[in-house]
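Below: one structure, written as structure tokens.
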Amino acid sequence: MTQANRSWRWAWEQMGLEDDKEFVTHTLRHTMGSRLADANVSAPLIGQMLGHKNLKTTQKYIHVSAAGLRGVADILASVSSDAVSKNMSKRAQNEGEIEEDEDDTKAA
């Protein structure tokens, strides 16, 4: 058994996961890919860190988290809110110009 395997086995036992056959070192690669994605690291950079030559392979390692989805929803809400505010301001400005034109017409 290599030192890496002994270290992994020790950590596995310390966490009480020795019966979990799905918790293997390869799982850490998926965790790393997902956490880097949550930190807004681009998929090509994550792929380089994981040693992938194909972006499709990297995409299999990036799992979207609830926090990541909330972050995207917050961004969308902010962008949408800004767009609505700008649109409302523009409409109000246009309506003000129309009222001014009507007042000018009445005065003439």
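The values are calculated or read from the model by the stated rules, or taken from the named source; none is laboratory data. Values in this document were obtained by computation on a predicted structure and should not be read as measured data. For neighbour counting, all protein chains shown are included, and Cβ atoms are generated from backbone atoms with ideal geometry for every residue, glycine included.
Quick notes on this structure:
- Selected residue (criterion: nearest to the chain's Cα centre (by Cα)) from residues of the stretch 59-70 that are part of a helix (DSSP H, G or I) and touching a residue at least 12 places away in the same chain (Cβ under 8 Å): GLY68
- Qualifying positions in the stretch 1-57 - among the charged types (D, E, K, R), farther than 22 Å from GLY68 by Cα and not in a loop (DSSP other than H, G, I, E, B): ARG6, ARG9, GLU13
- Qualifying residue in the stretch 58-67 (condition: at pLDDT 95 or above, of a type in the set (D, E, K, R) and touching a helix residue (DSSP H, G or I) at 6+ places or on another chain (Cβ under 9 Å)): no
- Single residue of the stretch 38-47 satisfying the filter (at pLDDT 90 or above and out of contact with any helix residue (DSSP H, G or I) (no Cβ under 6 Å at 6 or more places or on another chain)) that is surrounded by the most Cβ atoms within 10 Å (Cβ to Cβ): VAL41
- Filter result for ALA67 (exposed (fewer than 10 other Cβ atoms within 10 Å of the Cβ) and either of a type in the set (A, V, I, L, M, F, W, C) or in contact with a Cys (Cβ under 8 Å, 6 or more places away or on another chain) (or both)): yes
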